[in-house]
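The values are calculated or read from the model by the stated rules, or taken from the named source; none is laboratory data. Given the structure is predicted, the values throughout are model-derived calculations rather than measurements. When we count neighbours, we look across all protein chains shown, and the Cβ atoms used for this are built from the backbone with ideal geometry, even at glycine.
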Amino acid sequence: MPTLLVKNATVLVTMDANRREIDGGCLFIRDGFIERVGILKDMPQEADEVVDVSGQLVLPGLVNTHHHFYQTLTRALPGAQNANLFQWLTTLYPIWARMRPQDIRISTQTAMAELALSGCTTASDHLYLFPNGSRLDDEIEAARTIGIRLHASRGSMSLGQSQGGLPPDSVVDTESAILQDSIRLIETYHDPSPGSKLQIVLAPCSPFSVTGALMRESAALARQYRVHLHTHLAETQDEEQFCLEKFGHRPLAYMESLDWVGRDVWFAHSVWINHDEIEVYARTGCGVAHCPSSNMRLASGIAPIPGFLQAGVNVGLGVDGSASNDGSHMLGEARQAMLISRIGAGMSGASLSGKDQPVLMTARQVLEMATIGGAQVLGRDDIGSLAPGKCADLVCIDLNKLEFSGAQEDQVAAVVFCQPVNAYHTIVGGEFVVRNGELVDFDLERHVKAHNKASRRIIRGEE
């Protein structure tokens, strides 16, 4: 079994039960799993490969809990730059309807390459439209060329405009076809074993794009096969109004009526959630994928993340789609999460001095969300921390960069407070995905040219 010794980290951030931060920290890895954590004298002195990470901060691999890989093809599109969610969607749906299987594959590689370079080792993606013969298989096959763990969500839309939904009828599917394909994907690909690099999630898109019947049947199917459930929820006030008018419930109450709460469920966004609803999340075990950049980009609002954390709700970070974030940088998302929470605290009306000073989100809290929090949201107990028995997923950050100059007193916090940088190494299951700042065995320059060509074709409707 191959072994790897990672030694001499300036600081090794474990995110273990005691949240240890080890100066001069080391990891001994065997066959993709961590065997020992500590300092050099506690490590075997020989390994198949020894990597000296002096001058680097080592973190558990970052976990992205919500994304739409295909949207890398439509970044910063002029017609959607200054729109809220519903306007943004109606602008982009007709363009996305032009995608082909090869577009799903190349956009998956783009998003996962960005994520890996930012230190992400596990990513959940939500693919919910399948035009022109596209399948989730296209994403799964492309993901293998990058090498990070994938939770592939079989998304769906069944409620077209003719039935009172938001998406055009051209991008929705029949519910029987959705459920049959969900079964096929689970039986073909889902791997629940420790160290799994591929799991399937069932993920009807949103309350305004699927029927209640599909939501109920998806929940029953997921529980039959013991896979997780995911959807967008309470992202905007428009969605809240839609649910009240169409279903007679606020979004979360609507989910409760469909048996869509529990430890096997996590919701993206959860911006327009009140105190009583936070208690429902806490009581039932629902998780949250917090997507601050997207929420700012689409003027959706500020999610009540401090309230969720105080109530004991599992919260992870998501970069969300690259047409509502326009990037896939996990450390950048962590920084945004900290800063937007502080804006929320400042708007609470509390004084910034004296006894009424609001509690501010800390750098370590958002690093927890980006690592162990994300693992908990995805239902994984084998990732998210650096501890014996866990997957050998880690990211090494070069602290000798200009961005960190003058930030030597707390170098853990510096990776959040300072401008986000790319990873020096990203290691998944003991194998390098990024080495010395570059993707392993991936021609990035050639790929970018091909991705831009695909983007132009679908945006301009070219053949």
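A single member of Ala234, Ala203, Ala219 is in contact (Cβ under 8 Å) with a residue 60 or more places away in the chain and surrounded by 14 or more Cβ atoms within 10 Å (Cβ to Cβ), and it is Ala203.
Of everything in segment 248-268 that is touching a residue at least 60 places away in the same chain (Cβ under 8 Å) and within 21 Å of Arg226 (Cβ to Cβ), the residue that is nearest to the chain's Cα centre (by Cα) is Trp266.
Here is a yes/no grid of residues against (1) in contact with a helix residue (DSSP H, G or I) (Cβ under 8 Å, 6 or more places away or on another chain); (2) buried (at least 19 other Cβ atoms within 10 Å of the Cβ):
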position	(1), (2)
Met330	yes, yes
Thr362	yes, no
Leu367	yes, yes
Thr371	no, yes
Val415	yes, yes
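Which residue is surrounded by the fewest Cβ atoms within 10 Å (Cβ to Cβ), if the candidates are limited to segment 430-447 and must be in contact (Cβ under 8 Å) with a residue 12 or more places away in the chain and out of contact with any Phe, Trp or Tyr (no Cβ under 8 Å at 6 or more places or on another chain)? Once the filter is applied, the top-ranked residue is Leu444.
Restricting Arg226, Arg297 to residues that are out of contact with any strand residue (DSSP E or B) (no Cβ under 8 Å at 6 or more places or on another chain), of a type in the set (Lys, Arg) and within 30 Å of Ser118 (Cβ to Cβ) narrows the list to Arg297.
Annotation: of all residues in segment 176-198 being more than 30 Å from Lys390 (Cβ to Cβ) and of a type in the set (A, V, I, L, M, F, W, C), the one that is surrounded by the most Cβ atoms within 10 Å (Cβ to Cβ) is Ile178.
Here is the figure for segment 309-338: residues that are touching a His at 6+ places or on another chain (Cβ under 8 Å) and part of a helix (DSSP H, G or I) total 1.
Residues in segment 189-200 that are of a type in the set (Ser, Thr, Tyr) and touching a residue at least 12 places away in the same chain (Cβ under 8 Å): Tyr189, Ser196. Every condition in (1) crowded, with 18+ Cβ neighbours inside 10 Å; (2) more than 17 Å from the chain's Cα centre (by Cα) is met by Glu245 except one, and the failing one is (1). All conditions in (1) in a loop (DSSP other than H, G, I, E, B); (2) within 25 Å of Ile273 (Cβ to Cβ) hold for Pro192, with the sole exception of (2). Could you count how many residues in segment 197-212 are small (Gly, Ala, Ser), more than 19 Å from Phe130 (Cβ to Cβ) and at pLDDT 95 or above? Going through segment 197-212 one residue at a time, the tally reaches 0.
Kindly provide the set of residues from segment 272-294 that are aliphatic (A, V, I, L, M) and in contact with a strand residue (DSSP E or B) (Cβ under 9 Å, 6 or more places away or on another chain), ordered by number.
Listed by number, the residues that qualify are Ile273, Val288, Ala289.
Kindly establish whether Ala407 is surrounded by fewer than 17 Cβ atoms within 10 Å (Cβ to Cβ), over 14 Å from Gly119 (Cβ atoms) and in contact with a Lys or Arg (Cβ under 8 Å, 6 or more places away or on another chain).
no
Taking residues in segment 138-156 that are on the phi > 0 side of the Ramachandran plot, and partners anywhere that are surrounded by fewer than 24 Cβ atoms within 10 Å (Cβ to Cβ), the pairs with Cβ atoms closer than 8 Å and at least 6 places apart or on different chains are Gly147/Glu431; Gly147/Val440. Of Val37, Val50, all but one fail to be of a type in the set (A, V, I, L, M), surrounded by fewer than 18 Cβ atoms within 10 Å (Cβ to Cβ) and either within 29 Å of the chain's Cα centre (by Cα) or part of a strand (DSSP E or B) (or both); the exception is Val50.
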